[in-house]
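Following: one structure in C-alpha cells, then a few remarks.
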Amino acid sequence: MRPVVLCSLVVAALMPLASYAEGMTCNASAAEKKLAGAAKTSFLKKCERDAAAVCTTSAAEKKLAGAAKNSFTKKCTKDAVG
C-alpha cells in the first residue's frame with residue numbers, strides 16, 4: 001500500500017512539469033487552460049518557479065558556474081515562461 005501512495009505522490013508532483021516537458025511555455029499553458037485574473041497570476045508564478053528549478057538543475061548538470069550559470073538559467077527560465 002505504501003509504494004502505491006508514494007508513486008501517486010511522485011506523479012502528482014511531476015504533473016506541473018508535464019507542460020514544460022512537452023515544450024509548451026507557461027503562458028501557452030495558461031491560455032490553453034483559459035486561466036484569467038488571480039488564477040493565471042498564481043499559475044504563472046508557480047510555473048516560473050518550477051521552470052527556474054529545472055533550469056538551475058540543468059545548469060548544475062552542465063557544471064556551469066558564475067556568469068555562465070546565471071545567463072543560462074535566466075535564458076532557460078525566460079524561454080520556459082514564454
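A few comments on the model shown:
- Test: residue in the stretch 64-81 that is of a type in the set (S, T, N, Q), within 11 Å of the chain's Cα centre (by Cα) and in a helix (DSSP H, G or I): yes
- In the stretch 32-53, the qualifying residues are those that are more than 12 Å from V81 (Cα to Cα) and aliphatic (A, V, I, L, M), and the one that is surrounded by the most Cβ atoms within 10 Å (Cβ to Cβ) is L35.
- Candidates A59, A38, filtered to the one that is in contact with a Lys or Arg (Cβ under 9 Å, 6 or more places away or on another chain) and among the small types (G, A, S): A59
We did not get these values from a lab; they are worked out from the coordinates using the rules stated. Values in this document were obtained by computation on a predicted structure and should not be read as measured data. Note that we place each Cβ from the backbone using ideal geometry, even for glycine, and neighbour counts take in every protein chain shown.
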